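The values are calculated or read from the model by the stated rules, or taken from the named source; none is laboratory data. On a predicted model such as this, the values are computed, not experimentally measured, just so you know. Here the Cβ positions follow ideal geometry from the backbone for every residue, glycine too, while neighbour counts run over all protein chains shown. With ligands, DNA and RNA removed, areas are computed over all heavy atoms of the protein, side chains included. Shrake-Rupley method; radii C 1.70, N 1.55, O 1.52, S 1.80 Å.
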Amino acid sequence: MKDRRHSLTGYYKETNEDLWLWDDLPDLDMEVGYKVGALLHYEQSSFQEISIVETKGFGRMLVLDGTPQVTSKDGFIYNEMITHIAMATHPEPRKVAMIGGGDCGPARKALKYASVQQIDVVEIDPRVIEVCRLWMTKEADPARGELIRTVLKDGYKWIQEQKNKYDVLLVDRSDPYGPAVSLYKQQFYQYVYDSLTDEGIVVFQSGSPYYNSDILKKTISRLKKLFPIVRTYLCSIPSFPGGIWSFTVASKKWDPLEANLNGLPWEETKYVNPEIFRASFVLPNYIKNKLEEK
Ligand code: SAM
């Protein structure tokens, strides 16, 4: 194997007996290494480099363009936190959509809400979904799995055709490289706003607040121009660089800080519960200060 198989934001490297995945943190002169037990799958699709590895520390991992996306050991944290905050805030989410499919973890979490009638999962790269079905989540479709509809399209183009339609939208975008770049454009946020009903709510993966506060700041400022309620919340994901991660929720009517959390599927969750839900909106001063910087 070549030393650098590919390098957009990460690469594999063999040292003596061991294989390592090195996640490059662009502009920071820093890399995070994951020891890999086995490289199970590797391909270059029409959109990106897709690989599945068995890691020593985090179990099975989906890696796109050298960047870890989800792992079998701690993926539940990301999936629960991108899904439940918005889903639990809306009193009756019926139509739900998700941009960025991958292993479709958030869609499975959203199915836990009895009011849900339809979940559209929009994924640009059919190979990611096929590879994940083969190597990642093996469980059969959960009850009501037929409510999940996969749309194989670029989310940036797809969203332009959706008007006043969704109660909840989950933007499970990759970092702003490769096919996900368009999901960070200013115009994208307007399309997202237009796709939601008058009571709609959306959540974005908004990056590491420690390493990429510029992404977070931009996401917040663009959303604040459109939505009356914009709130950032945090969680800890051990496999992600720095451990701390941010999501930003924007809502036309319902405020997550006033959400009624009774009767929700908390007994089935492994990370989020009503206390975590409330506490996740409390930001440390260093992040508050960064967000206030001009
Ligand atoms: N949480 C997911 C899981 O459980 O696997 C990981 C999703 S990963 C963060 C982001 C996904 O967005 C990838 O599958 C990638 O192919 C997809 N994606 C990137 N750019 C996209 C675009 N423009 N439109 C739709 N999907 C896109």
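Summary of values
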{"read-out": "Per residue accessible area of the chain, 1.4 Å probe, in Å²", "value": "45 Å²"}
{"read-out": "Highest-MSF residue in the chain out of Gly37, Gly145, Gly263 [GNM, Cα springs under 10 Å]", "value": "Gly263"}
{"read-out": "Separation of the Glu54 and Val32 label points, Cα + 7 Å toward Cβ, nm", "value": "2.4 nm"}
{"read-out": "Förster-model FRET efficiency, 35 Å R0, Lys288 and Asn164, C-beta, rounded to 0.05", "value": "0.55"}
{"read-out": "Where Asp125, Asp29 fall by accessible area, highest first, once all protein chains stay in place (1.4 Å)", "value": "Asp29, Asp125"}
{"read-out": "Between 0 and 90°, nearest 10: helix 75-89 axis offset from the chain longest Cα axis", "value": "10 degrees"}
{"read-out": "Computed Rg/Rh of the chain, alpha carbon atoms with Kirkwood Rh", "value": "0.95"}
{"read-out": "Dipole-positive endmost among Gly243, Trp266, Leu226 within the chain (Cβ charges, Cα centre)", "value": "Leu226"}
{"read-out": "Carbon plus sulfur fraction of accessible area for the chain, probe 1.4 Å, in percent", "value": "48 percent"}
{"read-out": "Stretch gain in nm, segment Gln44-Asn262, where the contour uses 0.36 nm per residue and the Cα spacing is subtracted", "value": "73.9 nm"}
{"read-out": "Cα-based shape type of segment 64-200, given that a ≥ b ≥ c are square roots of the gyration tensor eigenvalues and the cut on a/c is 1.5", "value": "oblate"}
{"read-out": "Kirkwood Rh in Å, taken over segment 195-274 so that all alpha-carbon pairs contribute", "value": "14.0 Å"}
{"read-out": "3J(HN,Hα) from dihedral phi, segment 174-191, Karplus parametrisation 6.51/-1.76/1.60, rounded to Hz, x for glycine, proline", "value": "6, 4, x, 9, x, x, 8, 3, 5, 7, 10, 6, 3, 5, 4, 5, 5, 4"}
{"read-out": "Estimated FRET transfer efficiency (Leu19, Tyr177; beta-carbon r; R0 30 Å; 0.05)", "value": "0.85"}
{"read-out": "Over the chain: helical MRE at 222 nm, DSSP H runs n ≥ 4 each giving -39500 (n - 2.57), nearest 500", "value": "-7000 deg cm²/dmol"}
{"read-out": "Theoretical gain in end-to-end length, Asn273 to Ser221 [0.36 nm per residue, Cα-Cα removed]", "value": "15.9 nm"}
